Every structure is written in C-alpha cells, then in structure tokens.
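For reference, the structure discussed in these notes is given below.
Only the coordinates and a few stated rules stand behind these numbers; no lab work does. Because the structure is a prediction, the values reported are computed rather than measured. Because the Cβ atoms are built from the backbone with ideal geometry, glycine has one as well, and the counts that use them run over all protein chains shown.
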Amino acid sequence: MRKFLVILDDSRECLNAMRFAAMRAANTGGGVEILSVVPPEEFNHWIGVGEVMREEARERIEVHYEVFAKWMRDRQGIDPELVIREGRPVDEILAQIHEDPEIGVLVLGAGTDKKGPGPLVTELTKSAGSLPIPITIVPGNLSREKLEAIT
C-alpha cells in the first residue's frame, strides 16, 4: 500500500498537510504515516532531566497525534500510524523515507507568513531532485473546501 508521509509539528500549516494526506489516502486507497521528529537540542541537559524531557515530548506528540488520528478515522476512514524519531528533522525525514519502502509521497505544509514557506519546505525542496519520492507542498491558507476539491 502506498503511504503518504506527513510531518507532525507545531506549525499552523501542519493542519492542511494532515487534511490533504488523509483525503488523498482515502480517495486513492492509500495510508497515512505521521512522522514527528524531536530535535536533539531539547535534551541537552543532565541525563535524568533529559530523560524526563524526552518522555514529556513523546507524550505531547502522542496527544497531538490522537487529535489528527481521530479525525482521520472518523471523517476519512483512515487509520494513520505514528512514527517518532529523534534527531535533526530533515535528516530524520529522509531516513524514514529511505527505511520505509511503502512511503510514496511526502506531504509538507507551506507557511503563509513573510518569512517563507518554512524550514522543512525550504530545505527539502533543495534536494527534491534526488529524493526517491515526490513532494506535495500544501499551502497553509487553502480552505477546507478547496482541499476537498483538489484531493
């Protein structure tokens, strides 16, 4: 089964990327894999404190994931899977793509502010020509109706 890989983070554009991935998966018989990457700098503390922070980060991710997963199950009939990795986000996204041969499309949300589309879109589009899968970039300001029309 072809899976759409979508990134779970704290950005506003993440919502549209999640919606797009779920709708496309539902309409094409695919699946959704949600990847959340915890940067290593969040744990550069004493060993005990770092472990507590790591566990708290995982709990926050799982709670955030459950909101999207419930919507995907209830509205799109898609049961997504969650993958949590630690490291530099772009490196971990690329590693996940290379490790999971069922991933067929990377779905990224593009920011709408004046700073640009966001660090993931900026970095990953630079290497898009060498990726083994296509990238779909979903504008962060698309309406739900427009998303439904294009998926």
Which percent of Cα pairs goes in each bin when the distances of the stretch 3-150 are cut into 10 angstrom slices starting at zero?
11, 40, 36, 11, 1, 0
With the contact rule set at Cα under 8 Å and sequence spacing of 6 or more, what percent relative contact order holds for the stretch 3-150?
33
Please give the charge dipole size of the chain, origin at the Cα centre, charges +1 on K and R Cβ atoms and -1 on D and E Cβ atoms. Round to the nearest 20 debye.
740
In whole Å, what are the extents of the stretch 83-140 along the principal axes defined by its C-alpha atoms, from largest to smallest?
35, 23, 18
Which helices pass in the chain if a helix is a full DSSP H run, must span at least 27 angstrom along its long axis by Cα, and must have mean Kyte-Doolittle hydropathy not below -1.0?
47-71
Gain in length, His98 to Glu148, computed as 0.36 nm per residue apart minus the alpha-carbon separation, to one decimal in nm?
15.0 nm
